[in-house]
1. Inside segment 107-120, can you point out the residues that are of a type outside the set (D, E, K, R) and open to solvent by 30 Å² or more (accessible area, probe 1.4 Å)?
2. Suppose we filter THR168, THR200, THR192 for residues that are hydroxyl-bearing (Ser, Thr, Tyr) and either surrounded by 11 or more Cβ atoms within 10 Å (Cβ to Cβ) or modelled with pLDDT of 95 or more (or both); which single one remains?
3. Of all residues in segment 61-71 being among the hydrophobic types (A, V, I, L, M, F, W, C) and over 22 Å from VAL146 (Cβ atoms), which is least open to solvent (accessible area, probe 1.4 Å)?
4. Inspect all residues belonging to segment 140-156 and state whether any of them is out of contact with any helix residue (DSSP H, G or I) (no Cβ under 7 Å at 6 or more places or on another chain), of a type in the set (S, T, N, Q), within 27 Å of GLN26 (Cβ to Cβ) and free of Cβ contacts under 8 Å to residues at least 12 places away in the same chain.
5. Mind checking which residues of segment 83-92 are surrounded by fewer than 18 Cβ atoms within 10 Å (Cβ to Cβ) and either farther than 22 Å from PRO118 by Cβ or among the aliphatic types (A, V, I, L, M) (or both)?
6. Please verify whether GLY9 is out of contact with any strand residue (DSSP E or B) (no Cβ under 9 Å at 6 or more places or on another chain), among the small types (Gly, Ala, Ser), open to solvent by 50 Å² or more (accessible area, probe 1.4 Å) and under 21 Å from GLN143 (Cα atoms), treating the condition exactly as stated.
7. Determine if segment 50-60 includes at least one residue that is assigned to a helix (DSSP H, G or I), surrounded by 14 or more Cβ atoms within 10 Å (Cβ to Cβ) and in contact with a helix residue (DSSP H, G or I) (Cβ under 6 Å, 6 or more places away or on another chain).
8. Only one of (1) closer than 22 Å to ALA43 by Cβ; (2) open to solvent by 30 Å² or more (accessible area, probe 1.4 Å) is not met by MET138, so which one is it?
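The values are calculated or read from the model by the stated rules, or taken from the named source; none is laboratory data. Remember, it's a predicted structure, so these values are computed and weren't measured experimentally. Here the Cβ positions follow ideal geometry from the backbone for every residue, glycine too, while neighbour counts run over all protein chains shown. Keep in mind that these areas ignore ligands, DNA and RNA; they rest on the heavy atoms of the full protein, side chains included. Shrake-Rupley method; radii C 1.70, N 1.55, O 1.52, S 1.80 Å.
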Amino acid sequence: LESALAELGLDASAEATRHLVYHGLQLARQQDRERVAQRIVRAGLPLTVYGLGWDSMPEFAAMAGGVVQPGPALRQVYRQHRAVLHINRGCNIHPRVLETMCSGGLVIARWDPLDEIPGETRDQLGDALSLFRNHDEMLALFQRAVYDDAFRNELIVRGQTRVLEQDTYQVRARKIIADLANLVEQHLQRDTSTDAFVATAPRLNPAR
């Protein structure tokens with residue numbers, strides 16, 4: 001963006017630059033998705049694309065599934081396809097991924113270096129999420145998902161079991177509360193000034 005602005009002789013304000021960066025990222029994201037979709041189609045694999053704008057592109061208009069509302073309709077979409085592709089960068093612990101797995105769908109996701117950081121995808125989902133590092137690996141996973149029922153069913157059961165055990169709102173809420181309680185306890189044990197404050201603070205008159 002800086003090179004383009006310099007070449008055009010433009011001096012954008014910080015606010016204008018922020019907007020340009022946002023739209024540039026959106027454009028790059030869309031182009032990335034188009035390239036991935038093209039590779040799948042050229043490999044002879046079936047594809048349906050959901051969301052805004054696909055129906056206006058001649059190359060994908062016949063494959064456009066429109067916009068799906070959250071709830072039963074979206075759950076059915078997750079389950080009816082042989083695989084659901086997730087290619088966002090740096091966020092494989094994503095609501096769409098967990099929703100698909102919980103609904104009984106199979107997710108194929110693009111690997112990201114963040115997945116290997118402690119506490120991220122590898123730790124959270126283990127082998128329940130199929131990851132690919134390049135287009136060849138992606139197409140190989142899709143081929144198996146389309147033609148190998150045993151492979152697909154095994155991954156679906158593994159993913160659904162994992163999410164239902166560890167990633168429901170109830171389970172996550174309990175873990176958050178437990179983690180917060182531990183942090184508060186550690187803080188109170190370290191902070192001796194807390195006791196000093198309680199001992200020296202004036203007593204409040206309950207009648208007031």
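1. TRP111, PRO113, LEU114, ILE117, PRO118, GLY119
2. None of the others qualify; the one that does is THR168.
3. ALA61
4. no
5. Passing the criteria: only ILE87.
6. no
7. Yes, segment 50-60 contains a residue that is assigned to a helix (DSSP H, G or I), surrounded by 14 or more Cβ atoms within 10 Å (Cβ to Cβ) and in contact with a helix residue (DSSP H, G or I) (Cβ under 6 Å, 6 or more places away or on another chain).
8. The single condition MET138 does not satisfy is (2).
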